[in-house]
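The values are calculated or read from the model by the stated rules, or taken from the named source; none is laboratory data. Remember, predicted model here, so these are calculated numbers, not experimental data. Using ideal geometry, Cβ is built from the backbone for each residue, glycine included, and neighbour counts are taken over all protein chains shown.
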């Protein structure tokens, strides 16, 4: 007999086979198609082909479709040398097109000399300090090389390495990577660098400042000797320059605007404000200045970034944070929402600032001044990119006056002050040395030795002698009477500060006023004579009877009872005093019964 539920199960239509949902490919496994599209139309007449130096027509169309008709200064000076295969060190302002300056020659050389690449043996390696910057370079590679069909892969941490290994296994010719994940894949055997022909280190100063120097040395040891090396950065300190020179051979130096390291089209302003009022000032600016449409706020710490976002959300201002604590998926989604305008304010730290490449950023706000002056250039370089205009606000408190001076010394100009807000702090303005004669004095420990006044010329030295100058040494053999403790004027006006009498001489030369003998005037005698004067000691039986003590009672000690013996119960170690027999203590005042001790076994 069959049950009804079994008949229903038999008459039910069969279940369709399980099909895995097709996942959208991420950035790590994105590559150019096997059959690249063909360009449409012709090159515009104003396209400067001869200036760019690009002979490949497919690459020319890709550049022209992006609206790049004339090269930037760094591109105009760097591209001809890179097409010749020279090593190069480029220093230019942020947002002047450094990425295209080294990508276009590389794609041009790869298209002119195509080779079949084995899996995991790329021909080009580009290192970037952050994930965002690596993703930006990968997007630029896909944009400029969409008509060439050159496969590439981007490798960085924070995400699964399986898609990255899969992209390397497809024969990626160009690899964009961060140092940490690149070394991991090399140790696992998924990638080798013995076939690298082009090596690019982007943001070289930031790479070394973040502590990637040991990783860079390990990567350089795996690269072949015959290669082309390019260094690009917004700033190059002497230490970074010295290290970079040890990695290149006969390089060409390309520097743009060394006397003006910041973009001229950025309107920089200082807003003096007390530290507790910084968030209120930011909310006030966003509410009263509608021109602040797309804003990046730079904070010093990750905790501070999250706090700013919470305050802005409470004020109904759409804001998101991006820093190293965020997952890669969250950081990518936040940048995408910021690009599309769904987020008005993006709060970031210095670590993530290098990879932010968003068009149309109107304002940059330095909520906290950076501790490294070079970071100031990278921060404000997020706006006014590719010839556009922008505004950079810097909130300065009294505690940040030293950072402001360092920034102004680096950019070689004085930043104007904006006082058109209700949170202006005169205290912070005076502390920064911009308040005129009423400026706060600088502490002596912050001044250099040449700025300190001469100690001998200080007023009101209260009669003290001048300090020793040069190699002169004090004469410690002088008597106290030679150098007065106070001046004669102070001694007359203040009797309590008058000169004290000289101390008494040594006891051997001491002579009292009344010529009375003292104990230290008596000559010392030998020990035997001193004992003879004291006399002999009396025996014990001849002592006075009142010093005799009564016999001691064991049970009573005067009016107070004797303290009983109390061992530590439960301690299996041998008791410090007393003894026991059969688990019972001999002392009459001790406890009886189980005491936690095991009796000794008799032989």
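Among the residues making up the range 282-317, those that are farther than 23 Å from residue 130 by Cα, in a loop (DSSP other than H, G, I, E, B) and out of contact with any helix residue (DSSP H, G or I) (no Cβ under 8 Å at 6 or more places or on another chain) are 289, 290, 291, 293, 316. Against the conditions (1) in a helix (DSSP H, G or I); (2) more than 25 Å from residue 407 (Cα to Cα), residue 247 satisfies every one except (1). Of everything in the range 220-242 that is under 24 Å from the mean Cα position of the chain (by Cα) and under 27 Å from residue 121 (Cα atoms), the residue that is surrounded by the most Cβ atoms within 10 Å (Cβ to Cβ) is 231.
Annotation for the range 111-130: at least one member residue is modelled with pLDDT of 85 or more and in a helix (DSSP H, G or I). Applying the set (1) more than 28 Å from residue 410 (Cα to Cα); (2) in a strand (DSSP E or B); (3) in contact with a helix residue (DSSP H, G or I) (Cβ under 6 Å, 6 or more places away or on another chain) to residue 232 leaves exactly one unmet item: (1). Just one residue in the set 21, 7, 15, 34 is in a helix (DSSP H, G or I) and modelled with pLDDT under 70; that residue is 7. Of the residues making up the range 123-140, at least one is free of Cβ contacts under 8 Å to residues at least 60 places away in the same chain, assigned by TED's automatic domain parsing to the domain that holds residue 38 and touching a helix residue (DSSP H, G or I) at 6+ places or on another chain (Cβ under 6 Å). Taken together, 305, 324, 280 contain a single residue that is more than 30 Å from residue 140 (Cβ to Cβ) and assigned by TED's automatic domain parsing to the domain that holds residue 420, which is 280. Only one entry of 389, 399 meets the criterion of being surrounded by fewer than 15 Cβ atoms within 10 Å (Cβ to Cβ), in contact (Cβ under 8 Å) with a residue 40 or more places away in the chain and under 14 Å from residue 272 (Cα atoms), and that entry is 399. Does the range 147-154 include one or more residues that are within 31 Å of the chain's Cα centre (by Cα) and in the same structural domain as residue 64 (by TED's automatic domain parsing)? So far as the range 147-154 goes, yes, one or more of its residues are within 31 Å of the chain's Cα centre (by Cα) and in the same structural domain as residue 64 (by TED's automatic domain parsing). Looking across the range 328-370 at every residue that is in a loop (DSSP other than H, G, I, E, B) and modelled with pLDDT under 85, the one that is farthest from residue 300 (Cα to Cα) is identified as 359. When residue 341 is tested against (1) on the phi > 0 side of the Ramachandran plot; (2) touching a strand residue (DSSP E or B) at 6+ places or on another chain (Cβ under 8 Å), exactly one condition is not met: (2). Set side by side, the residues 359, 306, 325, 314 differ, and just one is in contact with a strand residue (DSSP E or B) (Cβ under 6 Å, 6 or more places away or on another chain) and surrounded by fewer than 17 Cβ atoms within 10 Å (Cβ to Cβ), which is 306.
Looking only at residues of the range 250-275 that are at pLDDT 80 or above and part of a loop (DSSP other than H, G, I, E, B), we find that the one that is surrounded by the fewest Cβ atoms within 10 Å (Cβ to Cβ) is 250. Could you grab me the full set of residues in the range 66-85 that are more than 11 Å from residue 105 (Cα to Cα) and surrounded by fewer than 17 Cβ atoms within 10 Å (Cβ to Cβ)? Those that are more than 11 Å from residue 105 (Cα to Cα) and surrounded by fewer than 17 Cβ atoms within 10 Å (Cβ to Cβ): 66, 67, 69, 70, 73.
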